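Just below is one structure, and these are the notes that go with it.
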Amino acid sequence: MADILMPMNGKVIAVKVEVGESVAEDDELVIIEAMKMELPVVATEAGAVKEIKATVGESYQVNDVLVVLG
């Protein structure tokens, strides 16, 4: 099980996965906007998406949990 964390303060602009979806290591899960740049947040390991805590348009702080893999 892995928590995918917000790498820096910013806003979620897209969620690219759904609960139950299988992902591989380095697959894009969420796109964030930080410091006027769009950055992908990727899976740190292969697994299935158990929970999506990120909401498009919401701002998050560094180390907030965005996605839970299992």
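The values are calculated or read from the model by the stated rules, or taken from the named source; none is laboratory data. Predicted model only: the values in this text are computed from it and were never measured. For neighbour counting, all protein chains shown are included, and Cβ atoms are generated from backbone atoms with ideal geometry for every residue, glycine included.
Quick notes
- Pairs, first closer than 15 Å to ALA46 by Cβ in segment 14-34, second in a loop (DSSP other than H, G, I, E, B) and among the small types (Gly, Ala, Ser), C-beta under 6 Å, six or more apart: VAL23/ALA43; ALA24/ALA46; GLU25/ALA43; GLU25/ALA46; ASP27/ALA43; LEU29/ALA43
- In segment 17-70, residue modelled with the highest pLDDT [restricted to those that are basic (Lys, Arg) and more than 12 Å from MET6 (Cα to Cα)]: LYS50
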